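The values are calculated or read from the model by the stated rules, or taken from the named source; none is laboratory data. What you see is a predicted model, and the numbers here were worked out from it, not measured in a lab. Cβ placement follows ideal geometry from the backbone for every residue including glycine, while neighbour counts extend to all protein chains displayed.
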Amino acid sequence: MKKRARLIFLVIIVIAVLLVVKKKIELATAPAFGKQPVLVSVFYSRRQDVAVFRDYLAVVKAINEARVSTRVAAEVKDVFVDEGDEVKKEELLAKLDDRDILAKIESAKAALASAKENFDYWQKEYRRDEALFKAGAISEEEFDRAKVAFAKSKASLSAAEKRLDELNTQLDYLQIKSPYDGVVARRFVDPGDMAMPGRPLFLIEDRSRLKLCFDVPQEDAGIISKGKKVFFSVNGKDFEAEITKVFPSLDNARMLKVEVYIDPISGLKTGEYVKLKVLMKQRHNVVVVPESAIVRQGVKRPYVFVVEKGRLKVFPVVTGIGSNSFIEVKNMPEGIAVVKNQYLSWTRLSDGEAVKIRNKR
């Protein structure tokens, strides 16, 4: 019994000694007490193309559109087209009530015939009296009467011809025709309506080409110019075009109107809105870093933190253009480990601080 107790006691002592030795080894191999290196994520500066874009919202319009109206007030008698119909130049769209004009034309034709008959009579009389006057058979006074009568008949004939021409022109005004080949985009009239000058009857669109129209705010007006590249998508397909027209002045809202002419695209309709990007600036094969890595707050010159031999170093930068979260750095070679700052993380970093790179390449 005593031997068993001694054995148990001996085992306990051995275990205790082993635990003490293990603890001493752990303490001996533990790092010295002090501040540990800060873990940071870095971006290795690299070369790539950089482009600056501006986003705008454009509306699709036909290259030409005409609001067709009448020059005379009259009732709409017939309408021959509907919205969506394709029409040719000079094709008849509608006809206005022409009964009054036709009656006036008949009266004018009769007046013209009478004036012509009167002119023919006095022309003969004038020629006869002219011969008699030259022969001394009639007096100058008698010849002057024939001359005046002939001149009056000629003036009456001219007035009658002019009146008939005017009425025929008015009759033509009652024939509403398409100004060019196109599509009837809107129809504003039905038979029985009263057509009035200045009130549109149809909207005709020439869709042989389209234009993307958008407004540019005043602050961008100085960098928008004809020929700049434009990128947009229609039904998932990407397209590229160029600015075709920049209006010379801003409107009352201080916006500059810009147009991009394009060929018709399947599925693209007038009146639709299209998101587009205008390429403002572009640089090729330049060194870039993340925009978020640049520290600008409270400093005269922006800088980044770079990692050299396990420590942070402040690196002042000269920046260029930026896009898609990257910015050009003109005074940095490629391959430099630049700390990727998160929001306000630069306030917790300092020059010379020991760091450990989390994402070594």
Q.
I need the full set of residues from region 206-247 which are touching a Lys or Arg at 6+ places or on another chain (Cβ under 7 Å), aromatic (Phe, Trp, Tyr) and free of Cβ contacts under 8 Å to residues at least 40 places away in the same chain, in order please.
A. PHE247
Q.
Every residue in region 227-259 that is in contact with an Asp or Glu (Cβ under 8 Å, 6 or more places away or on another chain) and within 18 Å of GLN282 (Cβ to Cβ), please.
A. GLY227, LYS228, LYS229, VAL230, PHE231, PHE232, ILE243
Q) So, of the residues in region 156-195 that are charged (D, E, K, R) and within 40 Å of the chain's Cα centre (by Cα), which turns out to be nearest to ARG99 (Cα to Cα)? A) ASP172
Q: All but one of (1) closer than 17 Å to ASP55 by Cβ; (2) aliphatic (A, V, I, L, M); (3) out of contact with any Gly (no Cβ under 9 Å at 6 or more places or on another chain) hold for ILE243, so report the exception by its number.
A: (3)
(Q) Please pick out the residue among ALA185, ALA159, ALA195, ALA149 that is in contact (Cβ under 8 Å) with a residue 12 or more places away in the chain and within 30 Å of LEU57 (Cβ to Cβ). (A) ALA185
Q: Kindly list, by first and then second residue, each pair from a residue in region 265-293 that is within 21 Å of PHE214 (Cα to Cα) and in contact (Cβ under 8 Å) with a residue 60 or more places away in the chain to a residue that is acidic (Asp, Glu) and not in a strand (DSSP E or B), limited to pairs with Cβ atoms under 9 Å and residues at least 6 apart or on different chains.
A: VAL278/ASP220; MET280/ASP220
(Q) Name the single residue that is farthest from TYR56 (Cα to Cα) among those in region 223-239 being among the charged types (D, E, K, R) and assigned to a strand (DSSP E or B). (A) LYS237
**Q.** Residue that is touching a Cys at 6+ places or on another chain (Cβ under 9 Å) and outside any loop (DSSP other than H, G, I, E, B), where the choices are LYS162, LYS211, LYS257
**A.** LYS257
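Take VAL81 and tell me if it is part of a strand (DSSP E or B) and either in the same structural domain as ILE294 (by TED's automatic domain parsing) or modelled with pLDDT of 95 or more (or both).
no
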Q: Please find, among LEU250, LEU256, the residue that is at pLDDT below 95, touching a helix residue (DSSP H, G or I) at 6+ places or on another chain (Cβ under 7 Å) and not charged (D, E, K, R).
A: LEU250
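Go through ASP206, ASP220 for me and flag whichever is surrounded by 13 or more Cβ atoms within 10 Å (Cβ to Cβ), touching a strand residue (DSSP E or B) at 6+ places or on another chain (Cβ under 8 Å) and in a helix (DSSP H, G or I).
ASP220
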Q.
Let me confirm something: among LYS269, LYS275, LYS313, which residue is on the phi < 0 side of the Ramachandran plot, loosely packed, with under 14 Cβ neighbours inside 10 Å and part of a strand (DSSP E or B)?
A. LYS275
Q. Out of (1) outside the structural domain of ARG46 (by TED's automatic domain parsing); (2) among the hydrophobic types (A, V, I, L, M, F, W, C); (3) touching an Asp or Glu at 6+ places or on another chain (Cβ under 9 Å), the odd one out for VAL314 is which?
A. (1)
Q.
So, ARG71, is that one surrounded by fewer than 16 Cβ atoms within 10 Å (Cβ to Cβ) and within 58 Å of the chain's Cα centre (by Cα) or not?
A. yes
Q: Determine if region 121-141 includes at least one residue that is touching a strand residue (DSSP E or B) at 6+ places or on another chain (Cβ under 8 Å), surrounded by 15 or more Cβ atoms within 10 Å (Cβ to Cβ) and either outside any helix (DSSP H, G or I) or modelled with pLDDT of 90 or more (or both).
A: no
